[in-house]
Every structure is written in C-alpha cells, then in structure tokens.
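Heads up, the thing below is written out as structure tokens.
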Amino acid sequence: MKTDSAYLMASAAGALNSVNGLRPISRTGRPSVLCFFPGWLTSELPLQAIAVQAAGTAAFASAGALRSGKGKVGMALTLASWAGLGALYRTSTATEAALETALVEGLGEGYQRRMAPAFAPPANVALTRVQIASPFPRLRRRYTANHDLPYGDLGRRNLLDIWKRADLPEAGGAPVLVHVHGGAWVSGNKEQQGNPLMAHLAERGWISVAVNYRLSPRGRWPDHIVDVKRAIAWVKANIERYGGDPGFVAITGGSAGGHLSSLAALSADEPSFQPGFEDADTSIQAAVPFYGVYDFANRDGTAHASLEDFLQRVVLKVPRVANPELWEKASPVSWVRPDAPPFFVLHGSNDSLVPVEQARSFVRHLRGSSSSAVVFAELPRTQHAFDVLSSVRTLHTVRAVDRFLAVARSEHKQADAM
C-alpha cells in the first residue's frame, strides 16, 4: 500500500475514533460493546491521542505522504480529529464544575461549611503538569500496606488488600473505604480498579480496603454479595488493629462493583446475604457507586439490551420469569429505604456498557425514599470505567468524592455525639 493511502486510512480511523469518543457510535446492542474500549481510551486520554496522531503524521510526512491529494485529505481528517480531541479535553477539565454543581444540588449551598475542619480537604489545588501527562502512576506499590489478607476461607477469592499512608498511626481511628472491583461479575480482581480513589483517600489519611469475591460462572448468585458482606464484617471486626475506625465505613465500586457496593449499602445485616454470620455488623455509613447496574429486573426498561440474557445464563442461572423474587432481591433499587446511608452516584453520559438511564432511575427511587443525602453526577462525554485511569476527569472526580465523604463523615460524627 502506498504511504498516502496508508495515511488516509490511519487518519480516517483516528477521526472516527474521535467521533466515537465525543458520542459513541452505538449505546445499545452488540455494537455498543465494540464502541467502549476505543471510546474509553480516547475520552480519558485526548492529549495523549493527539500526541500519538501527531507523531504518526510526522512520520508519514517525512515519507512524502502529504504531497498527494489523498495525503491532503488525510491531513484534513487529522486536523478534524484534533479538534474533536481538544473538545474532549475541555470537557474533562469542565468535570470539576459539573461535580461541584452535583454536590451543591445534592448537599445544598454552602455544604463545605458542614465539614468538620479536621475532615475538610484543601480547596483550589490546581492539577500539576505531571498529573495531567501521567495517567498511569504506580499507586499500588506506594500505598499497599497489607497484601492478600484472608477475610474468608475460600482461597484467593476471599483475600483483601489494605491501602494506607506509611506514616498513618496504628491507632489513628482512620475512616475506611471498602472497594469492590467490577468485571461483569465474571472477571477482575482487587489489584485492577479504583486505584486513583483509594490512593487519594490514603494520602488524605483514610484506610482503603480492596476486596476480591467469588466470580461467575463458577460462583452462583448470591455468592458475590455474600463475599462482599463477609469482607465488610471482617473490616468491622478487624480494621481497628490496622488503624481504622470500624464506626465509619464507606463503600465504592464500579460497574458490577457499583451494583454490589450499592446492594451492600442498602441491605445492611440482611440474614439471607450473611449465611453463617447473620449477627455480624455489615452496616455502611456512605456509598459511592460508579456506573453501576441497579436493577436486574429492569422494571423501567433502562438496562442494556443484552443484560437479562447474560444474567440468566451466567450469574443468576435462572430465568427471571422462573424466579422473579431472586432477581428482585439482587437489584439494589429493591432495597431503597428511608434509612439508607448517604449516596454519591456517578455515571457517564456516554456509557455504552451500562446505560446512564439506570443511574437516573436509581437516583429517582433513592431521592423518593431516603432521608439521607443523594448526590448524582452525570458526567458529560464520559465512558464506562473512566476512573480506572488517573485522567484529568478522574483526578477531579476523586476530589469531589473526598468532599462528599467529608460531609458524610462530619455529619455521622455529629450524630454520634448527640
């Protein structure tokens, strides 16, 4: 193939991917899955994508590809791609304002004044050039203090890691975050996800606990939530020995982890999810689910078109019509209640794996029932799994979560003192 033709094809692919990052070519059916990965990388790393395309353009130019008509068309497509990538970067920087708007809407004007001074994060700290340019920092090595601690007797699927700052006092009474990984209930582990948030909170004096749990198809529902509950019970019973405060435990997770963390937060001490440890404390003081699945039963038609078939074949292993109660009990929205803990729900408007409509519906149900705060941030032009990378958007997001948790922790402490 001639270099000008190769450059035209590469430029067209780059432009198409920029379009997919701005707005997924499909958010339904099988094509939506194919749109996810390239759209995820492009929307979270637009500056890096420009750098890659610029390097490729320079290489083609040195080979003479830009002298022909095809080369000039390719250059026009590249410039259009860069314009789209620039728009994606501006959107990611605007995430800070979108998150603050969500916090004000959910917590009220002047919510910062409700933070205890000792819990309040520093304000107006600008991102550094290093942070913007380096989306893959080595966070696990820096903050993992205890690796592969068993919380149950089922081998590696019942292990957890503890993240904390090296100088955190052993008897410090630090707040605790439990992180539940995603992976469609069939894959993933505690090392892969949530690292930017856990590292940020560890630096702020928190203890983060990343947990494994049994996976399908070997595991059968409700094995997944039983393991998450068992991990929470372990944290409540043991985290004080590592410097944590068992009286304030928040939970988070993305995708399947968003589903499991929400379900755990809403079903505290539920005996059917705690076989053999029914009396253990599994209460949660705040929940921060990312792009979760909230309704297996799909009562309002907001789920991905392929979800029901996948769940009945792989996870629940029974058709919904054959056991509707099982599907209802597996849905966080079924557990919404007046005494739910505070929630901060985050979802991307471009999510092509879990429709944002799931989050909107869940938030409506929460706000209609819960007496606690419910914050909802629908992040523009944001794909599924955005927080896996330490991107500009993620860095703004973890700071917003820090502010939400500072309010939740402050009000929890105030309530305990009364």
- [ ] Among what's in region 41-73 and is of a type in the set (Ser, Thr, Tyr) and either closer than 28 Å to residue 133 by Cβ or free of Cβ contacts under 8 Å to residues at least 12 places away in the same chain (or both), pick the residue that is surrounded by the fewest Cβ atoms within 10 Å (Cβ to Cβ).
- [x] 62
Open item on the list: Can you find a residue that is part of a strand (DSSP E or B) and closer than 21 Å to residue 215 by Cβ anywhere in region 287-305?
Closed with: yes
Open item on the list: Could you check region 367-387 and list, in sequence order, the residues that are over 13 Å from residue 346 (Cβ atoms) and of a type in the set (A, V, I, L, M)?
Closed with: 373
- [ ] For residue 280, indicate whether it is within 22 Å of residue 353 (Cβ to Cβ) and either surrounded by fewer than 15 Cβ atoms within 10 Å (Cβ to Cβ) or not basic (Lys, Arg) (or both).
- [x] no
TODO: Quick one: in region 342-355, of everything that is buried (at least 20 other Cβ atoms within 10 Å of the Cβ) and more than 19 Å from residue 185 (Cα to Cα), which residue is farthest from the chain's Cα centre (by Cα)?
DONE: 342
- [ ] Just name the residue that is surrounded by the most Cβ atoms within 10 Å (Cβ to Cβ) out of those in region 170-185 that are in a loop (DSSP other than H, G, I, E, B) and under 17 Å from the mean Cα position of the chain (by Cα).
- [x] 182
TODO: Could you look through region 136-157, keep only residues that are of a type outside the set (Ser, Thr, Tyr), in a loop (DSSP other than H, G, I, E, B) and at pLDDT 85 or above, and pick out the one that is surrounded by the most Cβ atoms within 10 Å (Cβ to Cβ)?
DONE: 152
TODO: Examine region 238-246 for a residue that is within 20 Å of residue 212 (Cα to Cα), surrounded by 23 or more Cβ atoms within 10 Å (Cβ to Cβ), in contact with a Leu (Cβ under 8 Å, 6 or more places away or on another chain) and of a type in the set (Gly, Ala, Ser), and state whether such a residue exists.
DONE: no
TODO: Scan region 209-225 for residues that are farther than 15 Å from residue 251 by Cα and assigned to a loop (DSSP other than H, G, I, E, B) and jot them down.
DONE: 214, 215, 216, 217, 218, 219, 220, 221, 222
Open item on the list: Restricting to region 98-111, count the residues that are in contact with a helix residue (DSSP H, G or I) (Cβ under 9 Å, 6 or more places away or on another chain), surrounded by fewer than 16 Cβ atoms within 10 Å (Cβ to Cβ) and assigned to a helix (DSSP H, G or I).
Closed with: 1
- [ ] Confirm whether residue 400 is in contact (Cβ under 8 Å) with a residue 40 or more places away in the chain, in the same structural domain as residue 198 (by TED's automatic domain parsing) and surrounded by fewer than 24 Cβ atoms within 10 Å (Cβ to Cβ).
- [x] yes
Task: Output for region 150-169, where each listed residue is under 25 Å from the mean Cα position of the chain (by Cα), closer than 19 Å to residue 280 by Cα and of a type in the set (A, V, I, L, M, F, W, C) - done: 159, 160
Open item on the list: Condition first: assigned to a helix (DSSP H, G or I), touching a residue at least 60 places away in the same chain (Cβ under 8 Å), out of contact with any strand residue (DSSP E or B) (no Cβ under 7 Å at 6 or more places or on another chain) and of a type outside the set (Asp, Glu). Can you find one or more residues in region 262-272 that meet it?
Closed with: yes
TODO: Under 6 Å between Cβ atoms, at least 6 apart or on separate chains: pull out the pairs that start in region 363-383 with a residue that is surrounded by fewer than 17 Cβ atoms within 10 Å (Cβ to Cβ) and end on any residue that is hydroxyl-bearing (Ser, Thr, Tyr) and in a helix (DSSP H, G or I).
DONE: 380/91
Open item on the list: Please verify whether residue 382 is assigned by TED's automatic domain parsing to the domain that holds residue 130, part of a loop (DSSP other than H, G, I, E, B) and β-branched (Val, Ile, Thr), treating the condition exactly as stated.
Closed with: yes
- [ ] Of the numbered conditions (1) modelled with pLDDT of 95 or more; (2) part of a loop (DSSP other than H, G, I, E, B); (3) under 17 Å from the mean Cα position of the chain (by Cα), residue 192 fails exactly one; give the number of that condition.
- [x] (1)
Task: Hits in region 167-220 - residues which are of a type in the set (Lys, Arg) and under 21 Å from residue 232 (Cβ atoms) - done: 190, 214, 220
- [ ] Can you give me the number of residues within region 5-33 that are free of Cβ contacts under 8 Å to residues at least 12 places away in the same chain, within 23 Å of the chain's Cα centre (by Cα) and loosely packed, with under 15 Cβ neighbours inside 10 Å?
- [x] 1
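The values are calculated or read from the model by the stated rules, or taken from the named source; none is laboratory data. Computed from a prediction, not measured in an experiment: that's the story for all the values here. Please note: Cβ atoms are built from the backbone with ideal geometry, for glycine as well, and neighbour counts cover all protein chains shown.
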